[in-house]
Amino acid sequence: MSHAHPELSAPAPLPKGGLRVIALGGLGEVGRNMTVFEYDDRLLIVDCGVLFPEENHPGVDLILPDFEAIRDRLDKVEALVLTHGHEDHIGATPYLLRERHDIPLVGSQLTLALLDSKLREHRIKDTVRHIVAEGETIAFGPFELEFVAVNHSIPDALAVAIKTGAGVALHTGDFKMDQLPLDGRITDLRAFARLGEAGVDLFLTDSTNAEVPGFTTAEKNIAPVLDRVFHTRQNQRIIVACFASHVHRVQQILDAAAEHGRKVAYVGRSMVRNMGIARDLGYLNVPPDLLVDPKELATLPPGKVVMISTGSQGEPMSALSRIAQRNHNFVTIEEGDCVVLASSLIPGNENSVYRVINGLTALGANVVHKGNALVHVSGHASAGELLYCYNIVKPKNVLPVHGEIRHMHANAELARMTGVPADRVVVAQDGFVVDLVDGKASITGKVDCGYVFVDGSSIGDITESDLKDRRILGEEGFISVIVVIDSQTGKVLSGPEIHARGFAEDDEIFDQIRGPIVDALDKAISEGVNDTYQLQQNIRRVVGRWVSGKHRRRPMIIPVVLEA
């Protein structure tokens with residue numbers, strides 16, 4: 001099995017007739033999915049998603065794939081194929097289109113409709129769109145694309161077979177094999193088998209659930225659990241949080257609410273927008289007179305109310321997080337309210353989610369979540385389903401995608417167990433270059449590929465060093481020290497004036513360090529040091545040693561030396 005090589009260098013030019021695959025995100029994390037295919041000096045991109053920040057990314061709103069590796073070749077991009085409408089697959093598209101707005105966008109009806117509303121927010125107009133459906137074939141330059149229906153936690157998801165002179169690459173996108181889906185649209189295994197019979201040279205498979213044995217539970221198994229929640233809390237308000245694009249989950253909540261005589265309100269801008277789109281396009285069936293404006297909820301008895309909210313991942317600005325912190329405009333938690341978190345925990349979000357659960361519980365709510373009830377099933381294929389797919393596709397080479405490193409290695413092991421030769425199972429990471437040449441896939445190099453942070457309106461200006469500073473500020477606080485010295489004599493004229501935040505609000509504790517700061521400055525100046533930068537470093541060392549020894553803290557220290 002091919003393993004990661006940290007010493008990998010920049011790749012050589014692609015051999016003539018070869019197919020190159022570079023993931024710019026999604027290999028090593030759950031999110032930020034973006035894969036670039038190169039053939040005959042032309043490029044095809046599959047997905048362009050975002051990653052949501054974790055606690056060690058203070059102040060960051062979104063994390064994008066790094067476009068740098070293809071920035072000077074954007075004119076060679078034939079199309080951007082979007083497999084489905086989740087944020088981790090479409091969310092970075094507006095940022096790519098800012099760099100070249102006429103890249104053809106290819107996806108299903110719902111996927112492109114969800115993208116359209118996002119593009120409007122970014123004021124991006126006049127895009128080139130191609131709505132496709134399962135069973136259709138369309139060509140862009142040297143890439144012939146065939147689309148296959150797959151089942152996922154959002155309707156209208158597609159796998160794509162990419163046919164080139166180098167062979168056929170089959171990219172599953174995110175998928176599972178729910179045999180009783182709510183919309184009756186199952187993963188088309190007959191198409192997978194047909195493609196397998198014709199020959200799949202490279203199989204790129206969703207790894208998210210590769211460590212989970214067996215088969216993923218059917219979505220409809222949630223209905224009895226929701227029914228029980230509604231039945232046992234007949235006189236209490238119910239708030240259900242799930243992803244703003246999880247149409248099937250929302251459908252089950254609407255059906256349960258109608259069955260139990262409750263009115264429903266959407267809470268959260270993205271939930272209102274996405275469910276409006278899904279309803280307009282016929283993917284969501286809303287019983288008449290079921291929906292009400294959230295502001296009308298106060299006039300209804302608690303037992304007649306259901307709110308469907310965003311924020312199941314503990315996102316700081318989401319509706320549920322604001323409700324848990326008591327700063328939502330019109331929703332407050334009352335004793336006995338039932339909050340259902342109808343989603344999984346995305347790796348890295350656990351602390352944020354538990355903080356919201358604790359906040360809601362402290363306000364008197366009963367919180368029902370995946371840990372104590374079957375209120376979520378995954379949208380990804382478990383090990384049994386992946387084995388099944390390997391056996392019917394019989395791929396010549398396998399490249400696990402979409403997941404953390406452990407997920408991809410587990411997926412690779414499944415491929416090997418079904419008979420794919422170990423040297424044809426390639427475990428890559430973001431930026432690794434995988435070439436399919438003469439029917440064999442292998443890692444041939446690496447391109448620079450880091451995180452691109454979006455902070456407010458700034459994109460890519462935030463560095464890891466900035467984040468480190470923010471983490472220190474947040475965890476350890478900061479101390480500023482201002483000293484004015486006589487430019488002629490070098491004597492301290494005023495100060496040290498010391499201020500602190502997040503460290504100790506009582507400035508008197510710094511009285512014991514003022515003398516040592518002055519002594520250190522006098523000593524440095526007497527030794528001929530007159531450069532203010534070096535004097536500031538002297539202050540930083542004295543204060544740093546004192547704080548570390550006395551208080552076991554490492555705050556950010558900002559010394560300022562002024563000359564008068």
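The values are calculated or read from the model by the stated rules, or taken from the named source; none is laboratory data. Owing to the predicted nature of the structure, the values given are computational and were not obtained by experimental measurement. Cβ sites come from the backbone with ideal geometry, for glycine too, and all protein chains shown count toward neighbours.
Couple of notes before you dig in:
- Qualifying residue in the range 203-210 (condition: of a type in the set (Phe, Trp, Tyr), closer than 26 Å to Glu404 by Cα and crowded, with 24+ Cβ neighbours inside 10 Å): yes
- Cross-chain or 6+ apart pairs with Cβ under 8 Å, the range 248-261 first and closer than 11 Å to Val306 by Cβ, then polar (S, T, N, Q): Leu254/Asn285; His260/Gln234
- Residue check for Lys370: touching a residue at least 24 places away in the same chain (Cβ under 8 Å), among the basic types (Lys, Arg) and at positive phi: no
- Positions within the range 472-494 being charged (D, E, K, R) and at pLDDT below 75, in sequence order: Glu475, Glu476
- Some residue of the range 83-98 being closer than 21 Å to Ala23 by Cα, without any contact (Cβ under 8 Å) to a residue 60 or more places away in the chain and of a type in the set (Lys, Arg): yes
- Test set (1) assigned to a loop (DSSP other than H, G, I, E, B); (2) modelled with pLDDT of 95 or more; (3) surrounded by fewer than 24 Cβ atoms within 10 Å (Cβ to Cβ) - Ala161 fails condition number: (1)
- In the range 60-84, residue surrounded by the fewest Cβ atoms within 10 Å (Cβ to Cβ) [restricted to those that are modelled with pLDDT under 95 and in contact with a Gly (Cβ under 9 Å, 6 or more places away or on another chain)]: Glu68
- Every condition in (1) at pLDDT below 90; (2) among the β-branched types (Val, Ile, Thr); (3) in a helix (DSSP H, G or I) holds for Ile333 except the one numbered (3).
- Of the residues making up the range 321-330, not a single one is basic (Lys, Arg), touching a residue at least 24 places away in the same chain (Cβ under 8 Å) and closer than 17 Å to Phe230 by Cβ.
- Val353 meets each of the listed conditions (1) in a loop (DSSP other than H, G, I, E, B); (2) closer than 30 Å to Gly403 by Cβ; (3) out of contact with any helix residue (DSSP H, G or I) (no Cβ under 8 Å at 6 or more places or on another chain) apart from (1).
- Taken as a whole, the condition of being closer than 30 Å to Met417 by Cβ, surrounded by 21 or more Cβ atoms within 10 Å (Cβ to Cβ) and among the small types (Gly, Ala, Ser) does not apply to Ala342.
- Annotation: of all residues in the range 59-100 being of a type in the set (Gly, Ala, Ser) and in a loop (DSSP other than H, G, I, E, B), the one that is farthest from Cys449 (Cα to Cα) is Gly85.
- When Ser309 is tested against (1) touching a strand residue (DSSP E or B) at 6+ places or on another chain (Cβ under 7 Å); (2) farther than 23 Å from Lys370 by Cα; (3) not hydrophobic (A, V, I, L, M, F, W, C), just one condition goes unmet, and that condition is (2).
- Single residue of Leu51, Leu112, Leu96 found to be surrounded by fewer than 24 Cβ atoms within 10 Å (Cβ to Cβ), closer than 24 Å to His248 by Cβ and in the same structural domain as Gly439 (by TED's automatic domain parsing): Leu112
- Of all residues in the range 115-127 being exposed (fewer than 15 other Cβ atoms within 10 Å of the Cβ) and either outside any helix (DSSP H, G or I) or β-branched (Val, Ile, Thr) (or both), the one that is farthest from the chain's Cα centre (by Cα): Asp126
- Within the range 428-439, being crowded, with 17+ Cβ neighbours inside 10 Å and closer than 16 Å to Ala169 by Cβ holds for Ala428, Phe432, Val433, Val434, Asp435, Leu436, Val437.
- Top-ranked residue in the range 270-304 [being among the hydroxyl-bearing types (Ser, Thr, Tyr) and without any contact (Cβ under 8 Å) to a residue 60 or more places away in the chain; ranked as surrounded by the fewest Cβ atoms within 10 Å (Cβ to Cβ)]: Thr299
- Residues that are modelled with pLDDT under 95, assigned by TED's automatic domain parsing to the domain that holds Ser207 and of a type in the set (Gly, Ala, Ser) are absent from the range 406-421.
- Test result for Phe215, within 26 Å of Ala113 (Cβ to Cβ) and either over 24 Å from the mean Cα position of the chain (by Cα) or of a type outside the set (Ser, Thr, Tyr) (or both): no
- When residues in the range 18-52 are screened for being among the small types (Gly, Ala, Ser) and farther than 19 Å from Val427 by Cβ, 2 of them pass.
- Qualifying residue in the range 23-33 (condition: of a type in the set (Val, Ile, Thr) and either modelled with pLDDT of 95 or more or out of contact with any Asp or Glu (no Cβ under 8 Å at 6 or more places or on another chain) (or both)): no
- Criterion: of a type in the set (Asp, Glu), more than 23 Å from Val398 (Cα to Cα) and touching a residue at least 12 places away in the same chain (Cβ under 8 Å) - qualifying residue of Asp156, Asp188: Asp156
- Test: residue in the range 266-279 that is assigned to a loop (DSSP other than H, G, I, E, B), among the aromatic types (Phe, Trp, Tyr), out of contact with any His (no Cβ under 7 Å at 6 or more places or on another chain) and not assigned by TED's automatic domain parsing to the domain that holds Leu170: no
- Applying the criterion of being touching a Leu at 6+ places or on another chain (Cβ under 9 Å) and in a loop (DSSP other than H, G, I, E, B) to the residues of the range 211-241, the residue that is surrounded by the most Cβ atoms within 10 Å (Cβ to Cβ) is Arg237.
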